[in-house]
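The values are calculated or read from the model by the stated rules, or taken from the named source; none is laboratory data. Here the structure is a predicted model, which means the values were calculated and not measured. All Cβ positions, glycine included, derive from the backbone under ideal geometry; neighbour counts span all protein chains shown. What goes into the accessible areas is simple: the full protein's heavy atoms, side chains included, and nothing from ligands, DNA or RNA. Shrake-Rupley method; radii C 1.70, N 1.55, O 1.52, S 1.80 Å.
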Amino acid sequence: MIWARCDAVGGGVRSSEVEEKRRRREQTMTRLAAWKIVVQDGDGGSRRREPRAVQPSKIRLEKHLEDWIVNDVTLIGEGLTLVGRQISIDDGRLDLLALDSQDRWVVIEIKPGMLGPRALAQALSYAASLARLDADEVYEKLKPRLGVVGDAATLSTIVKRQLADEGDEREIAVLLVGVGTHSGLERTNEFLARFGVPIGVVSFEVFELEGGSQLLVREVVDEPTKPPSQKRQYTVEAIRSKAVRVGVDQQFDRFVRIAEAAGLPVQPQKASVRIAPPADRTRFLMYARPVAGAGGGGLAIWVGPKRFAEWFSHIGEDEATAALGKYGDGGYAAGKALHDRLDQIERFLTKHFPPPDGDGE
């Protein structure tokens, strides 16, 4: 068993006590510490558990982060689809660009070390540059690099669909990725959230284990919750109208119906519906998005077995994964494949919901 915590540490000295306090406020950073829980033999044949510190690794984590994220984007979050890497825009090169389950563009800024004001300012600058581009300009910048992060043809379809659906309003979120964070970053995030600027933070640390293996530990600071915008009144019916246009309204209705029958809230987004845990409707368990395809319409569906295990104690992760399978990010399904996938989801929900009293509430 590994137990991790966050510690605040600082460094450096100033001559003035006032300056020292100010410096500590500005330079304090969040770092992770970890302990391995071991079982020890005690007196009289008893056994006790003790924590033993796991030492941080000297590996240069920042050299590997971007490659690791491209190979497995779930390192920084679920429901993300990478659509660009090292994209040239007005203010420089954007590390990674993704689309999320809320139909937003996600500017991902990866820093070689601690995350602070400079990383945030740079990411916001990239987000502002992306917001200024028209749909054709965005596509032309992404098109040459789509094959770097996935199948170019599939991602081209996804990007074109996103650009067509967004109309005059482009929603952009920021995700900062690094090793440790300045203490003031979370306060800044909460302040900017008042103005509709969604910013998430992911911080990593590596620890050395016995035998030469290493443990990668992640800390996630979720986007601060903000009041819903009065301008954005998304509805399930609006998403259903898209399903009607591509000929999958019956399948879409079934997806919504089986979620509602399980007592799970249905949350409409710009072009999809997300199914949330009752305890926190800002999170999600699965989502579906109507998609036009060459051979007819379908649904891009994502389901998170880990999410079900996280929110409902009566569901084990292995059991959920065995029942639902491993879903790709918004994997497209049509025809019989879509019918089979909906059957799979319905069997799982029928078996486990409604949950025992209080579970997931």
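Can you work out ³J(HN,Hα) from phi for every residue in region 342-356, in order, using Karplus 6.51 cos²θ - 1.76 cosθ + 1.60 and θ = phi - 60°, giving whole Hz and x for Gly and Pro?
So the J values, rounded to whole Hz, are 5, 4, 4, 5, 5, 4, 5, 5, 5, 6, 9, 10, x, x, x.
Just grab the label-to-label distance for Gln86 and Arg281, each label 7 Å out from Cα along the Cβ direction, in nm (one decimal).
It is 4.4 nm.
Roll a 1.4 Å probe over the protein heavy atoms and report the accessible area of Phe312 in Å², nearest 10.
Answer for Phe312: close to 0 Å² accessible.
Specify whether the C-alpha gyration tensor of region 117-211 places it in the rounded, prolate or oblate class, a ≥ b ≥ c being the square roots of the eigenvalues: rounded for a/c under 1.5, otherwise prolate if a/b is larger than b/c and oblate if not. Show your work: numbers first, answer last.
Numbers: a/c = 2.77, a/b = 1.35, b/c = 2.05.
Because a/c hits 1.5 or more and a/b fails to exceed b/c, region 117-211 counts as oblate.
Lys242 accessible area, nearest 10 Å², 1.4 Å probe?
Answer for Lys242: close to 40 Å² accessible.
List every residue whose amide H lies under 5 Å from the amide H of Trp35, counting only residues 5 or more places away in sequence or on a different chain, with H placed 1.01 Å from N in the peptide plane.
Residues meeting the amide H criterion: Trp3, Ala4, Val54.
For region 44-155, with the dipole built from +1 on Lys and Arg beta-carbon atoms and -1 on Asp and Glu ones, taken about the Cα centre, which of Met114, Leu124, Thr154 lies farthest toward the positive end?
Going by the Cα projections, it comes out as Met114.
Each label point is 7 Å from the Cα along the Cα-to-Cβ direction; what then is the distance between the points at Thr235 and Asp134, in nm?
So the label points at Thr235 and Asp134 sit 3.1 nm apart.
Tell me, what ³J(HN,Hα) does each residue in region 103-113 have, in order and in whole Hz, if you take phi through Karplus 6.51 cos²θ - 1.76 cosθ + 1.60 with θ = phi - 60° and put x for Gly and Pro?
Coupling constants for region 103-113: 6, 10, 7, 10, 7, 10, 10, 10, 10, x, x Hz.
Which shape class applies to region 98-166: rounded if a/c is under 1.5, otherwise prolate when a/b exceeds b/c and oblate if not, where a ≥ b ≥ c are the square roots of the Cα gyration tensor eigenvalues? Display every interim value, and only then the final one.
On the way: a/c = 2.11, a/b = 1.64, b/c = 1.28.
It is prolate, given that a/c is not under 1.5 and a/b is the larger ratio.
Just by accessible area at a 1.4 angstrom probe, what is the order of Asp151, Asp72 from largest to smallest?
Asp151, Asp72
To the nearest 10 Å², what's Tyr126's accessible area with a 1.4 Å probe?
For Tyr126, solvent-accessible area is about 10 Å².
Once each part is reduced to its C-alpha centroid, what is the distance from region 333-350 to region 154-197 in angstrom?
Centre-to-centre distance over Cα atoms comes out at 31 Å.
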